[in-house]
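Everything on this sheet refers to the single structure shown next.
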């Protein structure tokens, strides 16, 4: 193993980390619901879990009547997973394999790969690579990935916890403290919970979307999003960019969301603090480029580069719902055209009626 | 500085630690209320704050009209304290001194010493030593310590978070995981929040009480409590001993409590996990010896040694409200005697009336 891997896997020998993950109800329940509500997919099937930890997700798979589950875990917590498998009387179904998934062989291809591989801002820990290696080695051509899709989101946000909360705290002015505090985060992301009320663009599409059945490890070396545009939906002060992710289990109703609007998880949200703040109004377009680049020092880490763009000078998507004159004109034009089309539709319906 | 001190003071250069402490409302508000509700004591007086951090408590003292405040801070956060003093327009009152308090000289004796010196289980960090050194060097003979008293408590408790919560978690039996988790805490205390409902003896007296005006640093080398007895006030399973502390500012109404019944602070509670659990019933006596001994490796740490005693074989205090026959008999005897005394009192009152 590389030093990075040794450190990484030994970090998962800390049982308090597993306690935190298991007791993270939105996380554990999302997997439980996704697996048990899809019993029809699991029944009689062979499952591989990548990074099984204590094995709780593998146990859900066995409860969903999988015929065989390979629970692969490269840290010594695999010993505890073995005990839990016994305790739940699934030792005839679940086989705990103490290994990196890259180093194992299996007697057969598998029907489903289950994994909870996500780190902070989804990509941290670089564990998805191992899941994709496992997919390419072991998943049947018509096999299922669980989760099947992942989505990364970004929204401008206010950060009162690093700004206005310190204007007067217990009757003391502490703006200079807040300024020093922000200084800590100019060169590193901050993991913190953001209240939904501080998200300035709630109605957004995913910035990055990966179909885990088809994406390639090369894609994970560097993810670049150019000219990402969000439209502010409440007046506020733009002080940071908030990243979060969702993963989806085959359909949109079956997902685990780490968004500021969802119940808090141990992932919280990831914030890039801006060097300066600016006031924004409902309808304003905010644009930036983002690059997630795997660190050359530690392949399990990424550097996040955020480049602010001047939305007044960049071209916007068509249609764009921001308040710039050009975008308004295009919207009006498209709406008019749509009305004409709608009229045509009515006419043709009328024609049809006439013809009947 | 010793290596221990260098490490200790640099740990307070992490601004997130100060953020945590300042935003700990029960902590900061207790000091604010204690200082501002005692304005009469602070007005026109010279104050020394030991370990001022960002200086917020010194600012409360200045708001309470102290004539001079020496805010002594041995970490570089003193630079931020200077800025905050300026921001609050108290640079004519508050002098930030970047030094260990042991190394400073002051132009005069001080009327009041303020300090928030408490660590986990009160004694951790060993900062009280510095406060007492400052007291002996700088406090006027009739000076005031703020806080003035501190009390350490211990109660038997249940630990569902390490036991029963794992009997069935999300439909999975995880007792063997809980057992491994408890294994982590056989040789070290656990800092965690205990719900009041899991405290098995709520009505207890302090196990240790220090009057900060008079206690001596030698006392802090080793604190031994022999034959400490608590009486269980609810049926439950005795799985650990929960320690917490209160500090008091001159009177009982002005205090900061870190008890399980008070709003949660960053100190939480400190737990010693027992090697085995046992059922206890209301009225049972639970006894133990405790020793807090300063670590020889790191003078800012303590080892806590807990020795369980068999309450059936040890002598109990008189009176004792436990359910042992001997203690019940003594209680009955004392109650009878008291009745006789009460009768005598009435008689003597009657006599007095007669004589008037």
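The values are calculated or read from the model by the stated rules, or taken from the named source; none is laboratory data. Given the structure is predicted, the values throughout are model-derived calculations rather than measurements. Every residue, glycine among them, receives a Cβ derived from its backbone with ideal geometry; neighbour counts consider all protein chains shown.
If you scan segment B:10-38, which residues turn out to be at pLDDT 95 or above and away from chain A (no Cβ under 14 Å)?
Passing the criteria: only B:38.
Scanning for something at positive phi and outside the structural domain of residue A:266 (by the TED database), does segment A:83-97 turn up at least one residue?
Step one: filter segment A:83-97 for residues at positive phi, giving A:89.
From what's left, outside the structural domain of residue A:266 (by the TED database): A:89.
Yes, there is a match, as at least one residue in segment A:83-97 is at positive phi and outside the structural domain of residue A:266 (by the TED database).
Answer with yes or no whether residue B:215 is crowded, with 18+ Cβ neighbours inside 10 Å and either under 17 Å from the mean Cα position of the chain (by Cα) or assigned by the TED database to the domain that holds residue B:275 (or both).
Criteria not met by residue B:215.
In segment A:165-186, how many residues are facing another protein chain (nearest Cβ under 7 Å) and on the phi < 0 side of the Ramachandran plot?
Count: 10.
Does residue A:252 satisfy the criteria of being assigned by the TED database to the domain that holds residue A:183 and without any contact (Cβ under 8 Å) to a residue 12 or more places away in the chain?
Taking the combined requirement at face value, the residue satisfies it.
So residue B:147 clears everything in (1) in contact (Cβ under 8 Å) with a residue 60 or more places away in the chain; (2) over 30 Å from residue B:50 (Cβ atoms); (3) surrounded by 14 or more Cβ atoms within 10 Å (Cβ to Cβ) except one condition, right? Which one?
Of (1) in contact (Cβ under 8 Å) with a residue 60 or more places away in the chain; (2) over 30 Å from residue B:50 (Cβ atoms); (3) surrounded by 14 or more Cβ atoms within 10 Å (Cβ to Cβ), only one is false for residue B:147: (2).
Would you please name the residue that is surrounded by the most Cβ atoms within 10 Å (Cβ to Cβ), looking only at residues in segment B:88-101 that are farther than 21 Å from residue B:14 by Cα and touching a helix residue (DSSP H, G or I) at 6+ places or on another chain (Cβ under 6 Å)? Talk me through it step by step, then tell me what you get.
Step one: of segment B:88-101, the residues farther than 21 Å from residue B:14 by Cα are B:88-95.
This time we only want the ones that are touching a helix residue (DSSP H, G or I) at 6+ places or on another chain (Cβ under 6 Å), so: B:88, B:90-91, B:93-94.
On the way: B:88: 21, B:90: 21, B:91: 13, B:93: 19, B:94: 25.
The qualifying residue surrounded by the most Cβ atoms within 10 Å (Cβ to Cβ) is B:94.
Given the options A:41, A:7, name the one that is at pLDDT below 95, farther than 17 Å from residue A:131 by Cα and either in contact with a strand residue (DSSP E or B) (Cβ under 6 Å, 6 or more places away or on another chain) or more than 11 Å from every other protein chain (Cβ to nearest Cβ) (or both). Working first, answer last.
On the way: A:41 fails: at pLDDT below 95.
A:7 is the lone residue from the list that is at pLDDT below 95, farther than 17 Å from residue A:131 by Cα and either in contact with a strand residue (DSSP E or B) (Cβ under 6 Å, 6 or more places away or on another chain) or more than 11 Å from every other protein chain (Cβ to nearest Cβ) (or both).
Which residue, of B:196, B:200, is surrounded by 17 or more Cβ atoms within 10 Å (Cβ to Cβ), in contact (Cβ under 8 Å) with a residue 40 or more places away in the chain, more than 14 Å from chain A (Cβ to nearest Cβ) and more than 25 Å from residue B:296 (Cβ to Cβ)?
On the way: B:196 fails: surrounded by 17 or more Cβ atoms within 10 Å (Cβ to Cβ).
Being surrounded by 17 or more Cβ atoms within 10 Å (Cβ to Cβ), in contact (Cβ under 8 Å) with a residue 40 or more places away in the chain, more than 14 Å from chain A (Cβ to nearest Cβ) and more than 25 Å from residue B:296 (Cβ to Cβ) holds for just one of B:196, B:200, which is B:200.
I need a count of the residues in segment B:55-70 that are away from chain A (no Cβ under 13 Å) and crowded, with 24+ Cβ neighbours inside 10 Å.
3
Within the group B:95, B:102, which residue is assigned to a strand (DSSP E or B), in contact (Cβ under 8 Å) with a residue 12 or more places away in the chain and away from chain A (no Cβ under 14 Å)?
Checking each option against the conditions leaves just B:95.
Has segment A:286-297 got at least one residue that is assigned to a strand (DSSP E or B), loosely packed, with under 13 Cβ neighbours inside 10 Å and in contact (Cβ under 8 Å) with a residue 24 or more places away in the chain?
No, segment A:286-297 has no match at all.
Given the criterion buried (at least 18 other Cβ atoms within 10 Å of the Cβ) and touching a strand residue (DSSP E or B) at 6+ places or on another chain (Cβ under 7 Å), identify the matching residue among A:159, A:186, A:181.
Of A:159, A:186, A:181, the one residue that is buried (at least 18 other Cβ atoms within 10 Å of the Cβ) and touching a strand residue (DSSP E or B) at 6+ places or on another chain (Cβ under 7 Å) is A:159.
Among A:52, A:74, which is the only one that is away from chain B (no Cβ under 11 Å), crowded, with 22+ Cβ neighbours inside 10 Å and touching a residue at least 60 places away in the same chain (Cβ under 8 Å)?
A:74
I'd like to verify a number: residues in segment B:234-285 that are surrounded by 16 or more Cβ atoms within 10 Å (Cβ to Cβ) and closer than 21 Å to residue B:192 by Cα, how many?
27
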